[in-house]
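Written below as C-alpha cells is the structure these notes are about.
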Amino acid sequence: MNINTIATTPCPGQKPGTSGLRKKVNVFQQAHYLENFVQSIFNVATELKGGLLILGGDGRYYNTRAIQIILKMAAAYGVKRVMVGEHGLLSTPAVSCLIRKHQAAGGIILSASHNPGGIDGDFGIKFNINNGGPAPTSFTDAVYEISKNISEYQIADAEDIALDGQQTSHIGDMQIDVIDSVSDYAELMAQLFDFEKIKALFSSGQLSMCFDAMHAVTGPYAREIFEHRLSANVDAVINGIPLEDFGGGHPDPNLAHASELVAQLNAGPAAPGFGAASDGDGDRNMILGRNFFVNPSDSLAIMTANAHLLPGYKLGIRGVARSLPTSRAVDKVAEAMGIDCYETPTGWKYFGNLLDDKRITLCGEESFGSGSDHIREKDGIWAVLFWLNLIAVKQQSVEEITRSHWQQYGRHYYTRHDYEAIDNEVAEALMQNLRTQAASLKAKEYDGYKILLCDDFSYTDPVDHSVTEHQGIRILFEDESRIVFRLSGTGTEGATLRVYIERYVTDIASHDMPTQTALAELINIADNIAEIKTRCQREQPDVIT
Ligand code: G16
C-alpha cells in the first residue's frame, strides 16, 4: 500500500459544537477540510491504531464521498479493521450499539442530524469513543487544538471500496467489512422489549401506526423492525427511502417539519392510534397519539414512571438525568420514586459518565431525545418501541397514558421559542446582559411571578469532577415556573437563541389550555428580561416547539 503524505494548512473554525463539527456542504468540500479534521481525530484517538473503527452516516449528500476518504486515511493511519454500513448508512444509535457489541475503539458518524441536507444543505462529522458515546469535551478540545496547527495528513493511494452489498475487502492490511446496517441493532431492541406483545397489538387490529422516517436513515430500520418483525400495518412507514437531500424536507421530528405525519394523525377517527418520527441520523423521536402530541420532556417522565413494566427494565431504574432546558416533569417522578435526578448541560455527551458509573438508567432532553443504558446515544426507534410496548401493557391510548400521568404528577406546560440566524454579536450581547443581571434578579417580581433563583448554569460532573460553565441562564420562580436562555450549539448560520419556558400546574381542571396560552405571561416576562424583540429586531420567534 502506497501512503501519500499531503501538505496542508489549518482550516479555520473546526471547533466541534454540541454534537460534532457541522458546516455547509460546500465548506466540507473545500480542499483538505474533511481530511484535516479526520487526521486531527486520528491524532487524538490513538487507540484506533491497530483497532476496530465503526463507520457510517445518515445518507445525506457527501456521505459516501466522505466515507471513501476516511477509509483511505484510516488505512494510512494503521486502523486494523473497519465495519461500515451497507450503502454507507448507519444511524447514530446503531453506531453506538456496534461499538459496544464489537468492542470497537471508536466510531465516526457522518451526519448533521436534523439539519437539512443536499448539495446546499449541511454536513457533519462526529466521533464516538469506545463506550459508544459522543466524545467528551476534553477529546473534542484536543482535536480542535490539533486542527489549528495541522501541517500534513496521510492517505492511502487506493481504489474506492464498493459499499453496495455485504462484502469484505482490504486497503493494504486494513480489513473493511460492509455490514447489514440494521441486524445488530434490531437484535438489541428485541432483547429490551416484548415484541410478541407489541405484535399482538397490531395483529388484533387494536392499533395501527404511522412512522415518518423523513427520507433519512431510519427508513431501513423502521421497515425491518415495525413492518417485518412486528407485523405492523403495511403502510406503517412513510418516507422510508433514505435520500441525499431528504426529499427536500427538513429531517427534524417536530410538529412543524413532520407535517405529513401530523396530518395523518389528525385525520379524525380513522387516523392511526400511534404516530412517530425520527431525524436525519435516527437519534431523535417525536411521539404522537391520535390528534395528540407528547412533549419530549413529558415523554421522559412517563418512561421513568413506567419503565419497570417493560422486560428490559423490569428490575427497576437506578436514576435519571435530563438536560438543563428539559422540563422538570421527570424530577417529580424521580422524587416520588426516591431515585436521583441529575441536571446536566445540553448535549448527550454529559450523560455518558452517569450511565457508565451506573448512576442512571434513563436520560432525555427537550430536543426530542431520550435513551437508556442500552447504548450511549439517544435513540429514536428505541423510544418508539418503548411507547408501543407501554401501550400494549397498559392497553391505553397515548393520550390516556399521558393524561393519567398529569393527574398523578401534575402537568408541566412547556414551550421552546427559537430565534434563528441572529447576528452573533447581538446574540452574545443579549446573553452577556442576562449574565450581568443574574445576581440582581433574585426576589424581583414580574406579573405576580417572583424570582427564586437566577444563575448562569454550571455543571460539575459527579464522576470525573470536570466543570462545564456558561451553559445557559436559568430563572426559577417561586411557583416552580422556569425560563432558560441559551445559544444553540448545532446551527450553521449566525446564532440561534433558544428560550425555554415551563409552568407547573397541578389542578386537573387546568390541564386543557393551549400551551402558548398557558405560558403567555411567562413568554412576556422572558422578553422583558432579555429584551429579545428590541435587541434581535424580531417580532416573533422563527420556530415554536
Ligand atoms: C444535539 C445533541 C443533543 C442536544 C441537541 C440540541 O442533537 O446531540 O444532545 O440536545 O443537539 O442542541 P442545540 O440546542 O445546541 O442546538 P442532535 O440530534 O442534533 O445531534
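The values are calculated or read from the model by the stated rules, or taken from the named source; none is laboratory data. What you see is a predicted model; the values in this text were computed from it and never measured. Note that we place each Cβ from the backbone using ideal geometry, even for glycine, and neighbour counts take in every protein chain shown. Surface areas here come from the heavy atoms of the whole protein model, side chains and all, with no ligands, DNA or RNA. Shrake-Rupley method; radii C 1.70, N 1.55, O 1.52, S 1.80 Å.
Taking all protein chains together and rolling a 1.4 Å probe, Arg535 ends up with roughly 80 Å² accessible. For region 228-300, the spread of Cα coordinates along the three principal axes comes to 35, 30, 23 Å, biggest extent given first.
Apply 1/(1 + (r/R0)^6) to the Cβ-Cβ distance of Leu452 and Asp527, taking R0 = 25 Å, and write down the FRET efficiency to the nearest 0.05. Here the calculated transfer efficiency is 0.80. Distance from the C-alpha centroid of region 323-352 to that of region 418-444: 24 Å, rounded to the whole angstrom.
Note on surface exposure: Met513, Met209 rank Met513, Met209 by accessible area, highest first, 1.4 Å probe. Sequentially through region 45-52, phi angles give Karplus couplings (6.51, -1.76, 1.60; θ = phi - 60°) of 8, 5, 5, 6, 5, x, x, 9 Hz, Gly and Pro residues having no value and appearing as x.
If the segment from Glu244 to Lys148 were pulled out straight at 0.36 nm per residue, it would be longer than the present Cα-Cα gap by 31.5 nm.
3J(HN,Hα) couplings calculated from phi for region 273-290 with the Karplus curve 6.51 cos²θ - 1.76 cosθ + 1.60 (θ = phi - 60°) are, in sequence order, x, 9, x, 7, 9, 10, 9, x, 9, x, 9, 9, 8, 10, 10, 10, x, 5 Hz; Gly and Pro show x.
Which order do the peptides 450-458, 61-69 come out in when sorted by mean C-beta neighbours inside 10 angstrom, highest first?
61-69, 450-458
Looking at region 2-181 alone, DSSP beta bridges between its own residues are antiparallel in about 60 percent of cases. Run the paramagnetic zone check for Glu399: 7 angstrom along Cα to Cβ, then residues of region 285-311 with backbone nitrogen under 15 Å. In region 285-311, the label zone of Glu399 (backbone N under 15 Å from the point 7 Å along Cα→Cβ) covers 288-295.
Computed over the Cα atoms of region 2-181, the ratio of the radius of gyration to the Kirkwood radius (Rg/Rh) comes to 0.92. The distance from the alpha carbon centre of region 479-536 to that of region 1-30 is 36 Å, rounded to a whole number. Annotation: amide H-H contacts under 5 Å for Asp455 (H modelled 1.01 Å from N, sequence separation of 5 or more, or interchain): Arg474.
Per residue of region 338-355, what does 6.51 cos²θ - 1.76 cosθ + 1.60 with θ = phi - 60° give for ³J(HN,Hα)? Whole Hz please, x for Gly and Pro, Karplus curve as stated. Computed from phi, the couplings for region 338-355 are x, 10, 6, 10, 9, 10, 10, x, 5, x, 5, 4, 6, 7, x, 4, 5, 6 Hz. Proximity of backbone amide H atoms, modeled 1.01 Å from N, is registered between Glu152 and Thr8 at under 5 Å, excluding neighbours fewer than 5 places apart on the same chain.
Would you mind working out the accessible area per residue for the chain, using a 1.4 Å probe, and quoting it in Å²?
Values: 20270 Å² over 545 residues.
Roughly 37 Å² per residue, with all protein chains present.
A P(r) calculated from all alpha carbon pairs of region 411-544, with 10 Å bins opening at zero, reads 12, 41, 34, 12, 1 percent. Placing a label point 7 Å from the Cα of Met337 along the Cα-to-Cβ direction, the residues of region 387-425 with a backbone N closer than 19 Å are 387-395, 401-412. Amide H to amide H, with H built 1.01 Å from N, Cys210 comes under 5 Å of Phe274, Gly275, Ala276, counting only residues 5 or more places away or on other chains.
Hey, what number do you get for the chain at 222 nm if only DSSP H runs of n ≥ 4 count, each worth -39500 (n - 2.57), divided across all residues, to the nearest 500?
Working: 18 runs with 173 residues, N = 545.
Mean residue ellipticity, 222 nm, calculated: -9000 deg cm²/dmol.
Counting only Cα atoms, region 1-86 measures 31, 31, 24 Å along its principal axes, largest extent leading.
Roughly speaking, to the nearest percent, how much of region 1-146's 1.4 Å accessible area is carbon and sulfur?
Details: 2360 of 4650 Å².
Ligands and nucleic acids excluded, carbon and sulfur give 51 percent.
Could you calculate the contour length gain from Gln407 to Arg229, that is, 0.36 nm times the residue separation minus the distance between their Cα atoms, to one decimal place in nm?
Details: separation 178, 0.36 × 178 = 64.08 nm, distance 3.49 nm.
Gain in length upon complete extension: 60.6 nm.
Legend: calculated FRET efficiency, Ala263 to Asn131, from the Cβ-Cβ distance at R0 = 30 Å, rounded to 0.05, equals 0.15. Using a ≥ b ≥ c from the Cα gyration tensor of the chain (square roots of the eigenvalues), is it rounded, prolate or oblate, where a/c under 1.5 gives rounded and otherwise the larger of a/b and b/c decides, a/b for prolate? Because a/c hits 1.5 or more and a/b fails to exceed b/c, the chain counts as oblate.
Rank His250, His417, His170 by accessible area, highest first, at a 1.4 Å probe radius?
Details: His250 60, His417 10, His170 110 Å².
Most to least solvent-accessible, the answer reads His170, His250, His417.
Within the straight-line cut-off of under 20 Å between alpha carbons, the aspartates and glutamates reachable from Lys358 are Asp331, Glu335, Asp340, Glu343, Asp373, Glu377, Asp379, Asp461, Asp464, sequence neighbours fewer than 8 places apart in one chain being disregarded.
Across region 185-409, the volume of the C-alpha convex hull divided among the residues equals 111 Å³ per residue. Measuring r between the beta carbons of Val467 and Ala438 and using R0 = 25 Å, the FRET efficiency lands at 0.90.
Where both bridge residues fall in the chain, DSSP classifies roughly 70% of the beta bridges as antiparallel. Placing Leu255, Leu71, Leu487 in order of accessible area, with the largest value first and a 1.4 Å probe, yields Leu255, Leu487, Leu71. Measuring between their Cα centroids, region 33-82 and region 150-192 lie 10 Å from each other.
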